[in-house]
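Trainee: Could you have a look at this structure, given as structure tokens, before my questions?
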Amino acid sequence: MNPQEATLKDQASAQEFLPRRKKEAPRGAIAEWTVTILLLLFGTTTLVQAFVIPTGSMEDTLLIGDHLLVDKLVYSPIGPISKYLLPYRNIGRGDIIVFRYPVDIRQTFVKRVIGIPGDRIRLENKQVYHNGRKLDEPYKYHKTEYIDSYRDNFPSTPNMRLLGKADEMLEKNVVNGEVVVPPGHYFAMGDNRDSSLDSRYWGFVPRENIVGKPLIIYWSYDAPTERLASPTIGLDHVLDLAQNFFTKTRWRRTFMLIRPYKIH
């Protein structure tokens with residue numbers, strides 16, 4: 001905060017002014033830093049949030065070690081006035097979303113929306129059929145050649161223990177061999193289709209669990225899942241950063257925008 005300019009009539013008045021300015025400077029600096037910190041806290045908790053990819057379920061769209069900025073505003077409830085001022089939008093098919101894991105809301109997941117309320121979803125030999133039509137998915141990857149009876153032909157009889165409300169989904173939301181997405185919910189899958197813990201295994205994503213959508217990769221670092229999934233930064237990770245920051249940083253991914261793929 002700059003002091004108001006004053007007219008100094010003589011040297012004496014100047015000497016009186018300068019000590020007073022020195023005393024006020026620390027107080028002004030503290031106020032500036034307080035406001036800055038409050039704005040940063042508001043921005044990182046209300047508007048934008050940092051997020052790191054700890055697993056390979058979204059490869060090769062998002063890699064383990066990608067650090068993202070997530071837009072928390074875009075899917076927020078629309079207000080009577082703010083809807084004209086802010087860039088709100090509905091969750092669409094093909095959007096990449098960040099959400100609280102329905103099985104344990106303390107965990108945060110990132111997946112792609114494949115089905116919105118009312119959509120019919122099924123998989124046949126790894127191929128997704130959306131509302132009866134074969135889906136074009138240029139973003140997906142299959143990193144195994146074998147066919148899994150449940151994972152790749154869905155919905156079907158599970159060959160493993162399911163999580164969350166997946167059993168309820170198979171019991172109540174399957175019509176004519178297709179999963180029908182209920183109101184207020186979404187069907188999400190990973191782009192690394194053969195290695196993704198997604199809606200096939202734990203059910204639908206409730207609308208209230210969705211935090212936002214990733215905007216940009218601000219940094220990408222080649223680190224293993226066990227280090228990135230830890231809630232605290234371990235000594236091994238600190239040492240690795242100190243020794244390999246420049247060689248393990250994926251510079252080509254820095255400031256890469258994350259774009260949805262519109263599914264019709």
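The values are calculated or read from the model by the stated rules, or taken from the named source; none is laboratory data. All figures in this text were calculated on a predicted structure; none of them were measured in a lab. Reconstructed Cβ throughout: ideal geometry from the backbone, glycine too, with neighbour counts over all protein chains shown.
Trainee: Those residues that are in contact with a helix residue (DSSP H, G or I) (Cβ under 7 Å, 6 or more places away or on another chain) and of a type outside the set (K, R), I need them from the range 206-238; list them, please.
Mentor: Passing the criteria: I217, S220, Y221, D222, A223, G234, D236, H237.
Trainee: What tally of residues in the range 123-175 results from selecting those that are touching a helix residue (DSSP H, G or I) at 6+ places or on another chain (Cβ under 9 Å) and aliphatic (A, V, I, L, M)?
Mentor: Matching residues across the range 123-175 total 6.
Trainee: Quickly run through the range 104-133 and pick out the residues that are surrounded by 17 or more Cβ atoms within 10 Å (Cβ to Cβ) and among the aromatic types (F, W, Y).
Mentor: If the condition is that a residue be surrounded by 17 or more Cβ atoms within 10 Å (Cβ to Cβ) and among the aromatic types (F, W, Y), then F109 is the only one that fits.
Trainee: So is Y129 in contact (Cβ under 8 Å) with a residue 24 or more places away in the chain, closer than 25 Å to H264 by Cβ, in contact with an Asp or Glu (Cβ under 8 Å, 6 or more places away or on another chain) and not in a loop (DSSP other than H, G, I, E, B) or not?
Mentor: Here the answer is yes, as Y129 does meet what is asked.
Trainee: Residues that are within 20 Å of F109 (Cβ to Cβ): which strands (runs of 3 or more DSSP E) entirely in the range 146-264 hold 3 or more of them?
Mentor: Counting at least 3 such residues, we get 185-189, 210-220.
Trainee: Say we look at the range 181-233 and pick out the residues that are of a type in the set (V, I, T) and either in contact with a His (Cβ under 8 Å, 6 or more places away or on another chain) or not assigned by TED's automatic domain parsing to the domain that holds K248 (or both); which of these is surrounded by the most Cβ atoms within 10 Å (Cβ to Cβ)?
Mentor: Filtering first and then ranking leaves V205.
Trainee: From E178, E168, grab the single residue that is in contact (Cβ under 8 Å) with a residue 24 or more places away in the chain, surrounded by 17 or more Cβ atoms within 10 Å (Cβ to Cβ) and among the acidic types (D, E).
Mentor: None of the other options fit; the residue is E178.
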